[in-house]
Amino acid sequence: MHACGHDGHVAIALGVGEVMAGLRDGWRGRLRLCFQPAEEHASGALPMIGDGALDGVDHALGLHLWTPLDAGRVAVTGGSLFGSADEFRIAVRGTGGHGGLPHLSVDPVVAAAHVVVALQTLVAREVAPDRAAVVSVGLIQGGQAHNVIAREVELRGTVRAPDQELRERLMRRVEEVARAVATGLRAEVEFEMVAGCPPVVNDPVSAEVVRKAAVEAVGEANVEVARPITVGDDMACFLERVPGCYFLVGAGDPARAVRPPHHHADFDIDERALPVGVSTSSHALLAWLR
Ligand SMILES: [Zn+2]
Ligand SMILES: [Zn+2]
């Protein structure tokens, strides 16, 4: 299981279809419901767009159930909501050799260790403190024996950034720092970027439509400004092409102080979130289609 609330998203989209069909005399144009086959890689949205999912589409609307936010609440922003999510792979190459005779070889373990530490300076020293960005190394692999200097160490990690400019700059800096640090220690670097999702950036005009729709659905006191979150979603590919808004629908049980996070084995949604998602979405769609 993905354990993220996507079964709830399907239920909400079907509910929106039912509500909008029931109000069919009250709006003009067409509404296309899209179901998301692969959220956290662009491998879902891009083929759908290639197959025409956005042909003739003026606005895109999407939501994610979010358990850190109480059920009954909605969070909207006119800017960046979810970050980009790209992978980097770095091969640090030395020569291999005898662990007791390090001066006769180039040691990629030491070079890779310095690369990992140096990469942690990128967000700390090169990104403004109020921007939501992350560089994480999630995999480090190399060597076979305690007394042998390895030939190669593999590093893999992820870069998350709130906008396209920072996304490109951070990935470029990951490569530059890795190369400079490793070559300074006589190792060689092979760098590969595996592009994932772009950042989810809302159109402010569309976001205001959704904010008003949320106020109609749950009242002013239950609508808040969403802060950027460093997870990814391929709704970003839709929002790069048409103006629209991706927003958060609270799905946490207010009675549970401790909630298993998204992707946790015990993850669950408070299903009172479902009608909130349907109502907010339907109000926003009616504002566009009336
Ligand atoms: Zn997820
Ligand atoms: Zn998700």
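The values are calculated or read from the model by the stated rules, or taken from the named source; none is laboratory data. What you see is a predicted model, and the numbers here were worked out from it, not measured in a lab. Positions of Cβ are backbone-derived with ideal geometry, glycine not excepted, and every protein chain shown enters the neighbour counts. We work out accessible area using only protein heavy atoms, side chains counted, and drop any ligands, DNA or RNA first. Shrake-Rupley method; radii C 1.70, N 1.55, O 1.52, S 1.80 Å.
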Of these, G96, G15, which one is among the small types (G, A, S) and touching a residue at least 60 places away in the same chain (Cβ under 8 Å)?
G15
Can you name the condition, by its number, that V276 falls short on among (1) more than 15 Å from ligand 2 (Cβ to nearest atom); (2) open to solvent by 40 Å² or more (accessible area, probe 1.4 Å)?
(2)
What tally of residues in region 2-44 results from selecting those that are under 22 Å from L285 (Cβ atoms), in contact with a strand residue (DSSP E or B) (Cβ under 8 Å, 6 or more places away or on another chain) and aliphatic (A, V, I, L, M)?
1
Conditions (1) modelled with pLDDT under 95; (2) open to solvent by 50 Å² or more (accessible area, probe 1.4 Å): number failed by E190
(1)
Condition first: of a type in the set (A, V, I, L, M), over 27 Å from V134 (Cα atoms) and open to solvent by 40 Å² or more (accessible area, probe 1.4 Å). Now tell me which residues in region 53-102 satisfy that.
L101
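I'm trying to understand the selection: among the residues of region 146-169, which are of a type in the set (A, V, I, L, M, F, W, C) and either within 12 Å of the chain's Cα centre (by Cα) or open to solvent by 70 Å² or more (accessible area, probe 1.4 Å) (or both)?
Passing the criteria: V148, V159, A161.
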Of everything in region 32-52, what is touching a residue at least 40 places away in the same chain (Cβ under 8 Å), away from ligand 1 (no atom under 16 Å from the Cβ) and open to solvent by less than 40 Å² (accessible area, probe 1.4 Å)? Give them in sequence order.
I49
